[in-house]
Amino acid sequence: MTENDNKSGKPLGPRGGGDRSHVRQSFSHGRTKSVVVEKKRKRVVVPKPGTAAPAVSTTTPASTVPSKGKPVSKRPAGISDAEMERRLQALKAAKAREADETALREEEARKREEEREEKRAELEAKEREDQEREERLRAKEAEEAKKQAREAAKTAAAEQSADMAIPVPATDEDAKPSASRQAPAVKKSADRPAREEPKKPQRTKDDDRRRSGKLTINQALAGREGGRQRSMAAMKRAQERERRKAMGDGGEREKIMRDVQIPEAITVQELANRMAERVAAVVKTLMQNGIMATQNQAIDADTAELVVEEFGHRVVRVSDADVEDAIDTVEDAAEDLKPRAPVITIMGHVDHGKTSLLDAIRKTSVVSGEAGGITQHIGAYQVVKNDKPITFIDTPGHEAFTAMRARGADATDIVVLVVAADDGVMPQTIEAIDHARAAGVPIVVALNKIDRDQADPDKVLAQLAERDLVPEDWGGDTIVCQVSALQGLGIDELLDNLLVVAELEDLRANPSGRAKGVVLEAKLDAGRGPVATVLVQRGTLKVGDPLVAGPAWGRVRALINDKGEQVKEAGPSAPVQVLGLSDVAAAGDDFVVAKDERSASKVAEQREHYHRMANISGSASVVHGGAKLEDIFSQIQAGEVATLNLIVKADVTGSLEAVTASLKRLERDEVKLSFVRQGVGGILKSDIELALASNATIIGFNVRPDRQIRELADSEDVEIRTYEVIYHLLEDIESAMVGMLAPEFEEVVTGEAEVREIFSVPKVGKIAGCYVTNGQITRGSKVRFLREGTIIWKGAINSLRRFKDDVREVNQGFECGIGLTDFQDLKDGDIIETYEDREIPRN
């Protein structure tokens, strides 16, 4: 609004109801403007006397307008007492809340002011301390200067007095001027000592020491070419020493005593880092104690403790149990336990129909997807019977998968022992019984293949009774169900019996809280990364939980059930695949959900450290001169101990464990195995490079190299052997290793002849006239000459004649003449025994 906007001069506002005033505004460049400001007043309408209903103002309630003969009411019209009371209470609450907020704001302001005052006081104290330190430094420098001046004066006076005490031979003419020249010098030297300043050392142009820690281009270019320059750290240390010396702290710096945590095994470099000492000093200390170790080698806790004490630090022993404190879970209360699904493991001998039985239960065909028709992985599935879920774990039956069966028995509630009715109890059947009894779980026998003609159930039951598994029909307590996986017979009866046993076991778990369980299997998937098959034993595992499984950890990215469907959570007894881990977990490791990601990463990192130390201290050294399978015979012939370097890659950790354990059992005294690398996943370029460097053979189980890897292996002459069935792998490697073994020979007697007469032949020597009593005497055969049962000579047959004819061999019952090489001590009754060395097959 400007001053020209109201040229008529009429008052603004409705009917002149406003109060006007002029205000002059100032702007830049000296401009001003007069503004009319209007203030509106509230209008009150008073009703005329004699009217029935007084007019009500638009701005004021009718109850506030005074009327003749009636008191003014403070309550609005139509408001009850209860409503009025509620409004008053609300008003009071609002005022109280406003008062609390005001008090809170004042308290926060007071705290902020106190913090500012504390910071200001700290800054002032620091400034005062700096000023005092500078003043002390200046006083120290002044004192040093005065002290040096006094010392210089004393030195000059002593020299002058010495000069005056020694007579100088001179003539009378020279003595007077000399004395006249000395007198003012002595006087001047005596007057000046108090003001003399000590001479400072002159720095040369090429001096290596620099005045500051900054390096300029001129300094860098002017430095001696090819010479070793002082580093910035060295200059800073020198400046620090000079500063401490100037402040009167010229002594050695006080050693810092640290608390050094020592695990069961630790590398020398890690120990030096924890003590903040030089690695070379730690290695020197170990050598002085008779321990030769490099910085990358691991030492035990006792040796590390000795080193720490020698360096003057405090020892803190830690163990694996201390690491788990960050993820310990609380024990469940009895009222929190709820019924859960039973976990049932199917065990038995190989090819007795375990997976086929599970397929019949699930109405699927898993066995057709397994190489060779045998199960080589742990499979976990869940079915529903009578609206009750049942979790099944399928384990391999091959002898190489002992560890897998042990894991399945440890994680189960009930064991279903599958025995073929036409085969009976076999070695892996006995092993499964032992695993189940060691785990303390009940056993239900499934007598499979009863539809075959060769089936003999009574014979199998008798074999089971010998193993203390007496059937109920025979008066025992072992449930035996006769089933046929192919025909689908007896499946419902088996499931009903399993549910009954589960009810008797009263299986319960707490579904709330952080999840905990066991890793059944783990692998490295090309598209999804590390994948772990886990069985939840307590709590509920959810997407997004920070999970720790051995040295691997991560936030759960996805959960996949046995049907391949993604789920949001998994409760007790539920098998799921977990995605999102940082590394491939080890099969058999326990998993637990941590409080947060920080705790999970800390525990996993510490576990990884312990595992790495254990591998360093317990792993076999790689023999870089090891041989491959095809060129190891040269070492055998040279009489050396052959060492086969292997790189083993498998699809899952359980298979890798089984293959490695089976190969270790093939070792002999003449042939040693050295595992250069063991890993899960496909064969990579790094494996080829490592095999080339260590002269190793690559063994792939259920993994195959791609075309580029195969071409690289062919060009580098690296041997890759891939297998899909474990017994094919073991047979192949065993056959190769048997071929590597040094040939073993035994002596086989081929004939015996008795000396009955001795003939002397000129230029030939003595010839033994013999009678062949056993076997066959052959010319050129190896000979043992026996006299009264004692071997007195070994050699070979030089000539063999029958009458006057040279013959090649003489059979039993005939006479012959035998000439021996380099042996003439023949007597009647001696025995000539021929033999040959025959190679014994190695196994």
- Query: Under the classification rounded if a/c is under 1.5, otherwise prolate if a/b is larger than b/c and oblate if not, where does the stretch 462-504 fall, given a ≥ b ≥ c as square roots of the Cα gyration tensor eigenvalues?
  - Reply: oblate
- Query: Taking the Cβ of Val483 as the center, what net charge do the other residues with Cβ under 11 Å away carry, scoring Lys and Arg +1 and Asp and Glu -1?
  - Reply: -2
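In terms of the Cα gyration tensor, with a ≥ b ≥ c the square roots of its eigenvalues, is the stretch 399-549 rounded because a/c is under 1.5, prolate because a/b exceeds b/c, or oblate? Walk me through the intermediate numbers first.
Values: a/c = 2.23, a/b = 1.79, b/c = 1.25.
Since a/c reaches 1.5 and a/b is larger than b/c, the shape of the stretch 399-549 is classed as prolate.
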- Query: Given a 1.4 Å probe and the protein chains all in place, what does the accessible area of Ile831 round to, in Å² to the nearest 10?
  - Reply: 50 Å²
- Query: What length, rounded to one decimal in nm, is gained on full extension from Arg555 through to Ser28, with 0.36 nm per residue of separation minus their alpha-carbon distance?
  - Reply: 183.4 nm
- Alpha-carbon centroids, the stretch 446-475 and the stretch 414-445: separation in whole Å: 12 Å
- Message: Quick check for me: using +1 on Lys/Arg Cβ and -1 on Asp/Glu Cβ, what's the dipole size of the stretch 738-840 about its Cα centre, in debye to the nearest 20?
- Response: 480 debye
- How far is it, in nm, from the label point at Glu98 to the one at Asp453 when both lie 7 Å from their Cα along the line to the Cβ? 10.3 nm
- Query: Ranked from the most accessible area to the least, with a 1.4 Å probe and all protein chains present, what is the order of His728, His352, His29, His435?
  - Reply: His29, His728, His435, His352
- Query: Using the heavy atoms of the protein chains alone and a 1.4 angstrom probe, what is the accessible area of the stretch 681-774 per residue in square angstrom?
  - Reply: 53 Å²
- Item | the stretch 685-843: equivalent-ellipsoid semi-axes (sqrt of 5 x gyration tensor eigenvalues, Cα, Å) | 59, 16, 13
- Cβ-Cβ FRET estimate between Ile831 and Lys763, R0 fixed at 25 Å, reported to 0.05: 0.35
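What is the sum of charges, Lys and Arg at +1 and Asp and Glu at -1, for the other residues whose Cβ falls under 12 Å from the Cβ of Leu461?
Every neighbour counted, the sum reads -3.
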- Other residues with Cβ under 13 Å from the Cβ of Glu124 give, with Lys and Arg +1 and Asp and Glu -1, a net charge of -2
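The values are calculated or read from the model by the stated rules, or taken from the named source; none is laboratory data. Source: prediction; values computed, not measured. Virtual Cβ from ideal backbone geometry, glycine too; neighbours counted across all protein chains shown. Calculation scope for accessible area: heavy atoms of the full protein, side chains included, ligands and nucleic acids excluded. Shrake-Rupley method; radii C 1.70, N 1.55, O 1.52, S 1.80 Å.
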